[in-house]
């Protein structure tokens, strides 16, 4: 699923490493999510949303089926 | 960082030496016994673990415990299963082509390998049913009870089981080279009178080394 995480992260001037540290995952995980290689679990999606100070639904682009 | 690299290189070289020993034995038709397998496999596993996952020896990288790590592990397990089945099938065909007979044990293992995922699918689907049948209820109960056992206990049980298998395994006469054979090779046949101190000290040192390496590996896994 496409997402806006990279844009939101850059708006908040956070590096991938910093966001990864805040969410207690590796930098590779954040990179994989941003490049749509991997869809995060609900728990991780909530952690990312919380650290980017947005709601979970605003993280993702739902293009329909 | 330097220490991490030295450790990784050390493990890498140890793995290469042990693999070279197995290849040498294969090429020259020498016996590959449990001693070779029991020394090569753990070192190789540890080396691969260290270069793959984040650990005290590799600060940057994906941790085995985070969700991406678990997804990677799950993918690897699926891939390993497919490769293993393929190797089994090739082995069966080669056996048939070379000897003209088929290996019954291998056929049974392959058959179980094909059936097992379907059986597990059936059981797991039953656990998700709104009204599970007896098998589903039993599987749910087992899942629940298993989840209540701590990881420490599971690991301890695994070690005890492994230890018991190693200690009480069937030993066909003259088939497998064991640690005892290594002691005889290094220190000669045990004398009938008195205690040989050198083999004893060597055994204690090997047990201490294996215990220390196991402890480090567990600690590394916990900290990764």
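We did not get these values from a lab; they are worked out from the coordinates using the rules stated. Note that the coordinates shown come from a computational prediction; the quantities given were computed from them, not determined experimentally. Note that each Cβ is placed from the backbone with ideal geometry, even for glycine, and that neighbours are counted across all protein chains shown.
For this structure, a couple of remarks:
- Packing-based exposure ordering (other Cβ within 10 Å, fewest first) of B:102, B:39: B:102, B:39
- Global form of the range A:1-56, assessed from the alpha-carbon gyration tensor, a/c cut-off 1.5: rounded
- Three-way shape call for the range B:91-151 based on the alpha-carbon gyration tensor, with the a/c threshold at 1.5: prolate
- Within 10 Å of the Cβ of each residue in B:61-73, the mean number of Cβ atoms contributed by other protein chains is 4.
- Restricting the calculation to alpha carbons of the protein assembly as shown gives Rg and Dmax of 25.4, 84 angstrom.
- Segment residue B:143-residue B:20, extension gain: residue separation times 0.36 nm, minus the distance between their alpha carbons: 40.0 nm
- Peptides A:5-11, B:25-31 ranked from most to least packed by the mean count of surrounding Cβ atoms within 10 Å: A:5-11, B:25-31.
- Take each residue of peptide A:29-39, count the partner chain Cβ atoms within 10 Å of its Cβ, and average: the result is 2.
- FRET efficiency estimate (nearest 0.05) - Cβ-Cβ, residue B:122 to residue A:2, R0 35 angstrom: 0.45
- Prolate/oblate/rounded label for the range B:10-110 (Cα gyration tensor, a/c 1.5): oblate
- Relative exposure of B:63, B:74, judged by other C-beta atoms within 10 Å (fewest first): B:74, B:63
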